[in-house]
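Reading through the structure tokens given below for one structure.
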Amino acid sequence: MHILDLGNRDYKEIWELQKNIHARRVADELPNVLILVEHNPVITVGKSGKPGNVLFPIEALNQRGVALYHIERGGDATYHGPGQLVGYPIFNVRDGLAGIKPFINGIERTIIATLHCFGIEAYTKEKMIGVWTESGKICSIGVAVKKWVSFHGFALNVNTDLNYFDLIVPCGLKNVEMVSMQKILGREIAMDEIKESVVSSFGSIFGQETKRVCLKEVI
């Protein structure tokens with residue numbers, strides 16, 4: 001599994017990059033790839049997005065420096081921004097992963113294991129996708145799968161400014177409380193530490209060796 005850590009990047013740039021890597025993974029020109037990134041403030045709406053779950057018009061969002069994209073992943077509206085670790089696993093979900101549902105379950109288990117390393121107890125909810133704590137939802141997951149290869153992925157609130165979630169109905173779930181690791185622990189968390197833990201957990205749970213690569217090695 002290649003690990004591609006891109007720091008802070010614009011959402012649209014990484015959306016296009018995912019499509020490029022996805023095509024190469026479908027053609028079996030690459031192994032599985034996990035992109036790790038932070039985004040500038042952006043709201044994305046998946047295929048299940050319902051009218052009204054973005055609570056402000058595009059003009060008002062732009063005035064606050066928030067972009068808006070309607071994308072091909074599953075799920076409803078979510079927010080990405082600085083202090084949030086976004087991961088895009090571009091994996092063949094058929095080879096050794098037994099399909100889409102076990103793949104999503106693996107992502108949930110990876111996030112739960114990562115949070116456990118930082119002393120945060122987390123869990124899943126029946127018939128819902130994502131990861132919760134006693135204080136609220138901490139990680140959203142929304143994937144797309146085409147030709148048995150996934151793209152899009154998860155968003156883990158690390159040091160996220162949670163006020164931005166007031167712009168939407170998060171994941172289409174009314175009255176959901178969003179929370180971050182920083183809010184639970186009462187301190188800022190080093191993003192590099194989170195990345196290392198996520199990579200380790202991905203490798204362990206998905207049974208794959210990990211190798212950090214640069215951008216030119218995957219495009």
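Quick notes
- Flag if ASP10 is charged (D, E, K, R) and modelled with pLDDT of 95 or more: yes
Table: residues versus (1) touching a Gly at 6+ places or on another chain (Cβ under 8 Å); (2) of a type outside the set (Val, Ile, Thr).
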position: ILE104; (1), (2): no, no
position: GLU108; (1), (2): yes, yes
position: ILE112; (1), (2): no, no
position: GLY130; (1), (2): no, yes
position: CYS139; (1), (2): yes, yes
position: ALA144; (1), (2): yes, yes
position: LYS147; (1), (2): no, yes
position: ASP161; (1), (2): yes, yes
position: PRO170; (1), (2): no, yes
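- If the condition is being in contact with a strand residue (DSSP E or B) (Cβ under 8 Å, 6 or more places away or on another chain), within 10 Å of HIS2 (Cα to Cα) and not hydrophobic (A, V, I, L, M, F, W, C), then segment 191-213 contributes THR210, LYS211, ARG212.
- Residue within segment 151-163 that is over 27 Å from GLN208 (Cα atoms) and either without any contact (Cβ under 8 Å) to a residue 24 or more places away in the chain or in contact with a Pro (Cβ under 6 Å, 6 or more places away or on another chain) (or both) present: yes
- Residue check for LEU115: surrounded by fewer than 21 Cβ atoms within 10 Å (Cβ to Cβ), hydrophobic (A, V, I, L, M, F, W, C), out of contact with any Phe, Trp or Tyr (no Cβ under 8 Å at 6 or more places or on another chain) and touching a residue at least 24 places away in the same chain (Cβ under 8 Å): no
Each row is one residue, and each column tells you yes or no for (1) at pLDDT below 95; (2) closer than 26 Å to LYS216 by Cα; (3) in contact with a Pro (Cβ under 9 Å, 6 or more places away or on another chain).
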residue: HIS2; (1), (2), (3): no, yes, yes
residue: HIS22; (1), (2), (3): no, yes, no
residue: GLY83; (1), (2), (3): no, yes, no
residue: GLU108; (1), (2), (3): no, no, no
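- ILE184 fulfils the conditions (1) of a type outside the set (Asp, Glu); (2) surrounded by 13 or more Cβ atoms within 10 Å (Cβ to Cβ); (3) at pLDDT below 95 except for a single criterion, (3).
The values are calculated or read from the model by the stated rules, or taken from the named source; none is laboratory data. These numbers were taken from a predicted model, which means no experiment stands behind them. Note that we place each Cβ from the backbone using ideal geometry, even for glycine, and neighbour counts take in every protein chain shown.
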